[in-house]
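Since the structure comes first, as structure tokens, the remarks are kept for the end.
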Amino acid sequence: MNTFSKPVQTIENKEKELKHKEVQRSPELKGGHFLLGETLPEDIFIPEEWDEEQKMLADTVIDFFMQEVHALGIEKMAQIDAEKDLDFILEIFHKAADMGFCGVAIDEQYGGMNLDFNTNLIISEALSRGFAFATTIGAQTSIGSLPIVYYGTETQKDQYLPGIAAGTIKACYCLTEPTAGSDANSGKTKATLTEDGKYYLLNGQKMWITNGGFADLFIVFAKIEDDKKLSAFIVEKDFGGITIGKEEKKLGIKASSTTQVFFEDTLVPVENLLGDREGGFKMALNILNTGRIKLCAGTVGGAKFGVEKAVQYANQRKQFGKSIAEFGAIKYKLGEMVMRTHVTESALYRTGKNIDQKYEELLAAGQSDSEAKINALREYAIECAILKVQGSEVATYTADEALQIHGGMGFAVETGVEMGYRDVRITRIYEGTNEINRMLSVAELTKRALKTKELDLIGAGKQLPRYLFTQIMPFKSNSKGAMEWRIVHNLKQLFILLSGAAGNKLKEKMVDEQEIVMNLADILSLSFLAESALLRYEKYKAMPDADSKHAAMQYQVVQLYLYEALQSARKWASEVIDSYAGGLEKRGMRYLVKQLTPNYNINPKALRRAVADYAIEKNAYPF
């Protein structure tokens, strides 16, 4: 049974029609363009634009987990979590496969549904309702299968993708080793060609392998003989020479399989080399781009669920003769949770649609389907890194505050909140740690500016003095949104100012000043997220069927985010300046930062309470 079949067919018909029309206009389909160029509200996608088929897909996933997982009750879920019942995990997995969940990113000709990327993201968001089970299915639909989808030969796709889509082949991804985590290319696993040239002998050890305990197929990264870079292989368990380690004991996502995998003289046919020789490292990076933005989608779903649990408990819990939702301290928490989730969601689906648009553009330019998918994701590597960090930290925040709102009941197993609290912690580690992703976002932007010349960061720096002069002049506009747009532009200019000044001073030493780079990354992230939320508001309020109260609440969310963004930007800018500058330069830079981070005269308490009240009224995440 494939519950998705009918709505998916409708979506695909629309996709086919689009291929005969001009690709939707966008001023510049370039990753990192948000920093230097102008994006108009009509150029972005907002969640309010999901069509009925897409919403039905997401609802189908949520309903599945509510029936198959949540309906078990907290005690049973806790038991499964504690005991790691692999038989039950596989039962849920196969039911999900029967529903079509394992084929969302696989072409129809191989038994999948080939959903567009943004629709894949809303499915990833919905999957988060499955707690640790989402990790199992997510590994199958993302890192376990996409290397074959993107890089496989037609023979490899014919052989493996139908089984992966149907769930009869359970896949996993073997990259990390005991001595090779963030530095993936330092892995020691080796592949040696046999004398007859028909096989590679694979030897090595992999760790933290999701689905490792029951996988039938392994995407394995190894160096062939004396190669400097990794290659990738499709390895079947039936090839032999594979030993699965014991299940890891973990803080969270306990109801998912995580093991070590050992390869000892495993015979891998030469035709199971995946992609080009020494192309594995680049493949791993590109697959991680997908994993990062899909992780963000999952964390957005988790954050929404956290808001939902928190607001519902706050509404029903009585203390001192009234609901705790009426207290200012609780409203602070709820307002922050909603605001941070809304802003992240805005940036997420803006980027997802851009990836779809870039894919269509590359197809029209003559690239193959696989090339277009790979290169569209690579184009938005900066945004994917930002979203991974933001999504995981927002989800962690909401899980923590949801538990706090529950008080002692949150610490108890019976409410289920503590499970979410534990499960979300891993999101700041896998798909590249948040520290790595912060530095990656700045490094990738710098590379595109200085090496490939794709982004004119130097030209923007030259225009900075003129822009700074305008900030000295009094700001007189009273039009709604004008001050907000000024702040967004200033955040961008603040990053350009600081990165240029620090880069000129430190030069090649900049790469070693990781504290400075991470501060810069956070300012870069602020500018992207703030702009995304403001563009979403501007687009929504102009829609014919826009609800005026809903639009007003979006505006208040934007105001609250910008108020906090300015405070954070001032702090991080000060740390950057104090970490590299001295004397007159320090004084001059501090003056310029003050001009770019003006006072924003709003009442944050009132805004937070208004946002919280909107959620309290709806008894759910309100956007």
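Structural remarks
- Among Glu454, Glu484, the ranking by other beta carbons within 10 Å of each residue's beta carbon, starting with the fewest, stands as Glu454, Glu484.
- As a proxy for reagent exposure, Arg466, Arg292, Arg378 were ordered by neighbouring Cβ count within 10 angstrom, fewest first; the result is Arg466, Arg378, Arg292.
- Estimated Rh, the chain: Kirkwood, alpha-carbon pairs, angstrom: 25.5
- Whichever aspartates and glutamates have a C-alpha closer than 15 Å to that of Lys254, once near sequence neighbours (fewer than 8 apart) are set aside: Glu75, Asp81, Glu83, Asp85, Asp87, Glu418, Asp423
- Once the Cα atoms are used to define both axes, helix 154-166 deviates from the longest principal axis of the chain by about 70 degrees.
- For Thr266, the amide hydrogen comes within under 5 Å of the amide hydrogens of Leu202, counting only partners 5 or more places away or on other chains and with H modelled in the peptide plane.
- Length added when fully stretched, Glu154-Glu91, from 0.36 nm per residue minus Cα-Cα: 19.6 nm
- As a rough footprinting exposure proxy, the listed residues His342, His489, His70 were ranked by other beta carbons within 10 Å of their own, and the order from fewest upward is His70, His489, His342.
- Per-residue ellipticity at 222 nm computed for the chain from its helices equals -20000 deg cm²/dmol, with DSSP H segments shorter than 4 residues left out and the rest contributing -39,500 (n - 2.57).
- Computed about the Cα centre, the dipole magnitude for the range 561-623 is approximately 180 debye when only Lys and Arg (+1) and Asp and Glu (-1) carry charge, each at its Cβ.
- Using alpha-carbon coordinates, inclination of helix 583-596 to the longest axis of the chain, degrees: 90
- Over 20 Å (Cα to Cα) - which of Lys447/Lys492; Lys206/Lys373; Lys30/Lys492 fall in this group: Lys206/Lys373
- For Ala180, no residue whose modelled amide H falls within less than 5 Å of its own remains once neighbours fewer than 5 places apart on the same chain are excluded.
- With a cut-off of 13 Å between beta carbons, the residues surrounding Ile374 carry a summed charge of 0, where Lys and Arg count +1 and Asp and Glu -1.
- A simple rule links phi to the HN-Hα coupling: the Karplus curve 6.51 cos²θ - 1.76 cosθ + 1.60 with θ = phi - 60°, which for the range 515-532 gives 4, 5, 4, 5, 4, 4, 4, 5, 5, 4, 4, 4, 5, 5, 5, 4, 5, 4 Hz, with x for Gly and Pro.
- Total formal charge among the other residues, if their Cβ is under 12 angstrom from that of Leu524, Lys/Arg +1 and Asp/Glu -1: -2
- Nearest-ten-degree value, helix 369-379 long axis tilted from longest Cα axis of the chain: 40
- Lys, Arg +1 and Asp, Glu -1 on Cβ, resulting dipole of the chain about Cα centre, debye, nearest 20: 2800
- 14 Å beta-carbon shell around Val307, net charge (K/R +1, D/E -1): 0
- Karplus-based coupling profile of the range 492-500, in residue order and whole Hz: 5, 5, 4, 4, 4, 4, 5, 5, x, with θ = phi - 60° in 6.51 cos²θ - 1.76 cosθ + 1.60 and x standing for Gly or Pro.
- For the range 88-139, the list of chymotrypsin sites (Phe, Trp or Tyr not before Pro) that fall in a loop by DSSP and count at most 15 other C-beta atoms within 10 angstrom is empty.
Read-outs: derived from the displayed coordinates by stated rules, not from any lab. What you see is a predicted model; the values in this text were computed from it and never measured. Cβ atoms come from the backbone with ideal geometry, glycine included; neighbour counts cover every protein chain shown.
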